[in-house]
1. Consider Ser71 against the criteria (1) polar (S, T, N, Q); (2) over 14 Å from the mean Cα position of the chain (by Cα); (3) modelled with pLDDT of 95 or more: it satisfies all of them except one. Which criterion is unmet?
2. Please tell me if Gly34 is loosely packed, with under 12 Cβ neighbours inside 10 Å and closer than 16 Å to Arg3 by Cα.
3. From Arg53, Arg59, Arg89, grab the single residue that is in a loop (DSSP other than H, G, I, E, B), among the basic types (Lys, Arg) and over 15 Å from Asp2 (Cβ atoms).
4. Report, by residue number, each residue of the stretch 1-29 that is part of a strand (DSSP E or B), closer than 21 Å to Arg83 by Cβ and not small (Gly, Ala, Ser).
5. Check Ala103 against each of (1) part of a helix (DSSP H, G or I); (2) surrounded by 12 or more Cβ atoms within 10 Å (Cβ to Cβ); (3) at pLDDT 95 or above and name the one condition it does not meet.
6. Among (1) surrounded by 15 or more Cβ atoms within 10 Å (Cβ to Cβ); (2) at pLDDT 95 or above, there is one condition Thr88 misses while meeting the rest; what is its number?
7. Name every residue in the stretch 6-32 that is among the aliphatic types (A, V, I, L, M) and within 11 Å of the chain's Cα centre (by Cα), in order of residue number.
Amino acid sequence: MDRLRQRADFLAVANGARVNSPAFVLQCRRRDDGGPIRIGFTVTKKNGNAPERNRIRRRLRELVKRLDPVSIQPHHDYVLVGRRDALTRDFATMLDDLRIALAKPARHTAKGQTTGRGRTPGPAPAVSRKPD
């Protein structure tokens with residue numbers, strides 16, 4: 001597994017499928033190349049000061065290390081966006097949340113490109129207005 005480091009890669013994954021959890025948000029995007037699985041971690045400033053954000057990031061990295069590689073889809077990019085609850089949530093519970101979250105986007109990405117809400121993009125509905 002490789003790490004995501006470029007901003008463009010993080011932005012591309014942000015347009016993919018998304019699964020919410022109390023401790024993190026998992027974003028997922030299928031790649032068309034044959035490259036390795038890549039994982040990125042991010043924690044925004046609203047989650048605390050630098051030591052707290054680093055602790056959240058370390059806990060998320062440890063989750064991925066302890067995860068069995070079979071549950072991660074090949075040819076995908078993942079981003080774990082940390083939340084404040086990652087500081088106090090039980091580690092075993094977070095690991096279960098991650099396993100469940102990794103199983104969910106697989107259904108969404110198999111059908112094709114989806115929006116972040118699990119729906120396929122389509123044309124906007126027509127709006128008719130009566131003249132005043």
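The values are calculated or read from the model by the stated rules, or taken from the named source; none is laboratory data. Quantities reported herein were computed from a predicted structural model and do not represent experimental measurements. Note that each Cβ is placed from the backbone with ideal geometry, even for glycine, and that neighbours are counted across all protein chains shown.
1. Unmet for Ser71, out of (1) polar (S, T, N, Q); (2) over 14 Å from the mean Cα position of the chain (by Cα); (3) modelled with pLDDT of 95 or more: (3).
2. Details: loosely packed, with under 12 Cβ neighbours inside 10 Å: yes; closer than 16 Å to Arg3 by Cα: yes.
Here the answer is yes, as Gly34 does meet what is asked.
3. Numbers: Arg53 fails: in a loop (DSSP other than H, G, I, E, B); Arg59 fails: in a loop (DSSP other than H, G, I, E, B).
Arg89 is the lone residue from the list that is in a loop (DSSP other than H, G, I, E, B), among the basic types (Lys, Arg) and over 15 Å from Asp2 (Cβ atoms).
4. In the first step, residues of the stretch 1-29 are kept if they are part of a strand (DSSP E or B); the result is 2-3, 17-20, 24-29.
Next cut, closer than 21 Å to Arg83 by Cβ only: 3, 17-20, 24-29.
Arg3, Arg18, Val19, Asn20, Phe24, Val25, Leu26, Gln27, Cys28, Arg29 - these are the residues of the stretch 1-29 that are part of a strand (DSSP E or B), closer than 21 Å to Arg83 by Cβ and not small (Gly, Ala, Ser).
5. So Ala103 meets the others, but not (3).
6. Every listed condition holds for Thr88 apart from (1).
7. Taking the stretch 6-32 and keeping what is among the aliphatic types (A, V, I, L, M), we get 8, 11-14, 17, 19, 23, 25-26.
Within the stretch 6-32, Val13, Ala14, Ala17, Val19, Val25, Leu26 qualify.
Condition check ((1) surrounded by 15 or more Cβ atoms within 10 Å (Cβ to Cβ); (2) among the small types (Gly, Ala, Ser)) across all residues:
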| site | (1), (2) |
| --- | --- |
| Asp9 | yes, no |
| Asn15 | no, no |
| Arg18 | yes, no |
| Gln27 | yes, no |
| Gly40 | yes, yes |
| Thr44 | no, no |
| Val70 | no, no |
